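Take a look at the structure below.
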Amino acid sequence: MVEMILPVLRYGDPVLRQKGARIEKITPAIKKLVEDMLETMHAAASVGLAAQQVGHALQLTVIDVREVKDRPSTLELKGRPADVAAFMPLVLINPELTPSNKPVSGPEGCLSFPEIYADIVRPESVEVVGMNEKGERIEFRCGGLLARAVQHEADHLRGILFIDRMSAEAKKELKPRLEALQAATRAALKQANNR
């Protein structure tokens, strides 16, 4: 039997704007959510997924950059270069980020915004402290696509969406599509609530 993959919420769903609650204990429910989120992310061919995107306002995200060959990632563990692929998939709980390099612009998309992309300016590398799915403390420094994915997902955990970081021009250009997506999502939510 195939496990049911979680539906991904779209822009306009209020859960996407909720701040995630800290996870103090790794319960069986959290373990199950992590498994389902990893499966959902891989099925969607995405590099990251935050708990808010599947309807849970928690400080939990999953990341896997192994499939992306044209946008390199860097990783340092205890100050030494490490193998990014061996570190994936990454489960990050209660992450705290410290920017450690100058901001750079790069392309981003988001599963909650199908077919919508824009260049977003973010620090090129970040230092990250958090917990893994076993409840162990993890610390690393990352750059490239991994740094971008970590920052994008950490934003989700605070109710911040990538459109909030877009340039005014990009947002203006995408406005009709964003409004249409938001309206469609709200209509679907209303319909679901009326059932």
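The values are calculated or read from the model by the stated rules, or taken from the named source; none is laboratory data. Remember, it's a predicted structure, so these values are computed and weren't measured experimentally. When we count neighbours, we look across all protein chains shown, and the Cβ atoms used for this are built from the backbone with ideal geometry, even at glycine.
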key: Verdict on R80 being out of contact with any Gly (no Cβ under 6 Å at 6 or more places or on another chain) and more than 28 Å from I5 (Cα to Cα)   = yes
ask   = Going through the range 47-70 one residue at a time, which ones are over 15 Å from V91 (Cα atoms) and among the small types (G, A, S)?
value = G55, A57
note = Exactly one of L97, L92, L161 is of a type outside the set (S, T, N, Q) and touching a Cys at 6+ places or on another chain (Cβ under 8 Å), and that residue is L161
remark   = For the range 91-103, the count of residues that are in a strand (DSSP E or B) and farther than 22 Å from T40 by Cβ equals 5
task = Could you look through the range 122-159, keep only residues that are in contact with a Lys or Arg (Cβ under 8 Å, 6 or more places away or on another chain) and small (G, A, S), and pick out the one that is surrounded by the fewest Cβ atoms within 10 Å (Cβ to Cβ)?
result = G135
inquiry  = Given the criterion buried (at least 19 other Cβ atoms within 10 Å of the Cβ), out of contact with any helix residue (DSSP H, G or I) (no Cβ under 7 Å at 6 or more places or on another chain), over 13 Å from L146 (Cβ atoms) and not polar (S, T, N, Q), identify the matching residue among V34, V104, V54.
reply    = V34
request  = Could you please let me know if E39 is of a type outside the set (S, T, N, Q), closer than 27 Å to G143 by Cα and either in contact with a Pro (Cβ under 9 Å, 6 or more places away or on another chain) or at pLDDT 95 or above (or both)?
outcome  = yes
note = Filtering the range 110-164 down to residues that are under 20 Å from K19 (Cβ atoms), free of Cβ contacts under 8 Å to residues at least 40 places away in the same chain and part of a strand (DSSP E or B) yields V126, V128, V129, G130
message = Name the residue that is farthest from G48 (Cα to Cα), counting only residues in the range 82-99 that are touching a Pro at 6+ places or on another chain (Cβ under 9 Å) and crowded, with 16+ Cβ neighbours inside 10 Å.
response = L97
